[in-house]
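Novice: First, the structure itself, so that you have it in front of you.
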């Protein structure tokens, strides 16, 4: 029974991310450097490392099964610097046998020094990079690479502590008592976490949890497997099914070919997801895949791919390999065939990130607690679940080919899919348009194009619109053309969809499609709205001295739809919202969201718009919508900095919000809602992520408000 519960909990975390903040571990290392003068031109460069309790670093010769990553030290080329021998390590070497690892591993705990002898000519800087990975009994953190810089100079101040990833250290420093250097910041109380200590607190709170046992890895696999199966139902993954149908219809002439191609396709998906997922997560962090889905260049690329496929399905041209590739395929026993299938699988993986990113992100963080094997097992399970339906579906085109020869219905299927692909392509173009603020595809323009495409598809299904390569429509016994019952119902669905979209041209919310259409802030005309124009249409909820000012002009086109409809006042800057919370004596709800976040739009239209929820948000809370993917506006130079939580430079407003979420709340997925008082003190453990259960959200808000009133009577 306990295993079933674990699988269920993991499924909720990976697919819905319900109330489970992705914990981001703080680096438990403290590095200090010094250069000791040995003779006139000879120096010893010393890297001092202090490790937090419970953590270890692998030896330069780690032993084990070869998966352990030892530290490394790389020196930039300099004609005036000559290395003498190799880097050496000094400390109490520990040899242990670890379950699941072949062979004895060698490591250091608490502290270790690394030394490198050099000869130099004159005063200069010795620069380079050092890489390392640290682990504890529960997990291994992703490998990190940082820069170092030693000042070789006889005038020698004390060694510096590594706090920003790059160090300047000089020769002959005064003695440093490294035993007093703290390896980890002191944790603040759980509900009052300054930005600099939040991650360390979360690390302390989760110590000893999720230790990877054989059973937990199986639970991880099966939970990820179910998450992958459910991910097929997301719009981005589901939209790839038409492409797969067309691709394998052409390629699989027999059942044997269909089975072989299905195996190739499935293995390609599994290999790509597992390898890329683990590598990208380890190198760039668990939010890298989600960031790809919001990148304007990536979305433009997806748009072009979908348009090409859509136009091809409409009969403009056939997508074929170059003749030279075809010749190589014939001569090399299917190598080209596998290459084409691999490309299709790669397209699926890339495009699916737009919807699976919020699922994969938390999954990678959870799997990362299982050390090196955790991400591999988690992503393998997810990719198997995602690939399995495609594998079964890919076998089907072999049977389609036999039926296709009896009539031209297969071409009608492709044309129908072509219209659908063009509609989906507009979503990716809209993502890029929103990210860059071009305002080329505002809400009413997007809806108008969808209405036109839906009507054209309905007319095509009824035989009122014909393309040059269509066959003659079927006739009954009396020689009259007719429409099949199936196509009639499809046409009814298309026209009904167009009618449903029509009120959106004048500002109707279109709740069922809110995750697809651009936000209401891009609408130029809203029937019944004050002033009838776009942008922030704020009510007189607050006095002029409390109204949001920062980023309003830039962010107004991204305002949640309910701002326009219900007059909910929102802020776009944390500090500004915090000041409003202090003046109005209300708790602050931090809405970490994204411009192209599908689930964010669902929560706003399906949950926030509920009268009970809206009443509480308007009357009892200060709302700050913090967009984590807003990269158009750079921060002032004095606000730009390096983030330890993200291991990246903070340059834009989106970076700033993402860093706030990661460093203060140990989370990196959207939507995610956290609640603080006017001093930034967290009012409830954890946060609230995507969950369309309205009553659950109301209970959550009431609990936050209750906690706030207890502490602020």
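The values are calculated or read from the model by the stated rules, or taken from the named source; none is laboratory data. Small disclaimer: the values here were computed from a predicted structure and weren't measured. Note that each Cβ is placed from the backbone with ideal geometry, even for glycine, and that neighbours are counted across all protein chains shown.
Novice: Regarding residue 621, is this residue over 16 Å from the mean Cα position of the chain (by Cα) and modelled with pLDDT of 85 or more?
Specialist: yes
Novice: Starting from residues that are modelled with pLDDT of 90 or more and either over 25 Å from residue 411 (Cα atoms) or touching a strand residue (DSSP E or B) at 6+ places or on another chain (Cβ under 7 Å) (or both), keep the ones in segment 444-489 and report whichever is surrounded by the fewest Cβ atoms within 10 Å (Cβ to Cβ).
Specialist: 448
Novice: Next question. Which residue out of 400, 388 is modelled with pLDDT of 65 or more and not assigned by TED's automatic domain parsing to the domain that holds residue 474?
Specialist: Exactly one residue qualifies, and that residue is 388.
Novice: Moving to a separate point now. Could you check residue 477 against (1) within 17 Å of residue 445 (Cβ to Cβ); (2) assigned to a loop (DSSP other than H, G, I, E, B) and say which number it fails?
Specialist: Here residue 477 meets the rest and fails (1).
Novice: In contact with a helix residue (DSSP H, G or I) (Cβ under 9 Å, 6 or more places away or on another chain), surrounded by 18 or more Cβ atoms within 10 Å (Cβ to Cβ) and in the same structural domain as residue 559 (by TED's automatic domain parsing) - does that describe any residue in segment 632-642?
Specialist: No, the conditions are met nowhere in segment 632-642.
Novice: On to the next question. Considering only segment 690-697, I want to know if a residue exists there that is more than 19 Å from residue 600 (Cα to Cα) and surrounded by fewer than 20 Cβ atoms within 10 Å (Cβ to Cβ).
Specialist: No, that holds for no residue.
Novice: Further question on the same structure: Where in segment 596-713 are there strands (runs of 3 or more DSSP E), lying wholly inside it, with at least 2 residues that are under 20 Å from residue 520 (Cβ atoms) and touching a strand residue (DSSP E or B) at 6+ places or on another chain (Cβ under 8 Å)?
Specialist: Result: 622-627.
Novice: Okay, next question. Mind counting the residues in segment 580-595 that are part of a loop (DSSP other than H, G, I, E, B) and buried (at least 22 other Cβ atoms within 10 Å of the Cβ)?
Specialist: Here the count works out to 3.
Novice: Same structure again: Might you let me know whether segment 324-337 holds any residue that is modelled with pLDDT of 75 or more and either in the same structural domain as residue 229 (by TED's automatic domain parsing) or in contact with a strand residue (DSSP E or B) (Cβ under 9 Å, 6 or more places away or on another chain) (or both)?
Specialist: So far as segment 324-337 goes, no, none of its residues is modelled with pLDDT of 75 or more and either in the same structural domain as residue 229 (by TED's automatic domain parsing) or in contact with a strand residue (DSSP E or B) (Cβ under 9 Å, 6 or more places away or on another chain) (or both).
Novice: Among what's in segment 455-474 and is in a loop (DSSP other than H, G, I, E, B) and touching a helix residue (DSSP H, G or I) at 6+ places or on another chain (Cβ under 6 Å), pick the residue that is nearest to residue 485 (Cα to Cα).
Specialist: 462
Novice: Here are some conditions: (1) closer than 30 Å to residue 134 by Cβ; (2) out of contact with any helix residue (DSSP H, G or I) (no Cβ under 7 Å at 6 or more places or on another chain); (3) modelled with pLDDT under 80. Residue 280 meets all but one. Which one does it not meet?
Specialist: Condition (2) is where residue 280 drops out.
Novice: Residue by residue through segment 424-443, note down the ones that are crowded, with 21+ Cβ neighbours inside 10 Å and more than 10 Å from residue 522 (Cα to Cα).
Specialist: Result: 424, 425, 426, 427, 428, 429, 430, 431, 432, 433, 435.
Novice: I'd like the residue in segment 71-85 that is in contact with a strand residue (DSSP E or B) (Cβ under 6 Å, 6 or more places away or on another chain) and outside any strand (DSSP E or B) and, out of all such residues, is modelled with the lowest pLDDT.
Specialist: 80
Novice: Looking only at segment 31-47, decide whether some residue is closer than 16 Å to residue 136 by Cα, in a strand (DSSP E or B) and at pLDDT 85 or above.
Specialist: No: zero hits.
Novice: Looking at 84, 57, 94, can you tell me which residue is farther than 30 Å from residue 120 by Cβ and either in the same structural domain as residue 141 (by TED's automatic domain parsing) or without any contact (Cβ under 8 Å) to a residue 60 or more places away in the chain (or both)?
Specialist: Selected residue: 94, the only one of 84, 57, 94 that is farther than 30 Å from residue 120 by Cβ and either in the same structural domain as residue 141 (by TED's automatic domain parsing) or without any contact (Cβ under 8 Å) to a residue 60 or more places away in the chain (or both).
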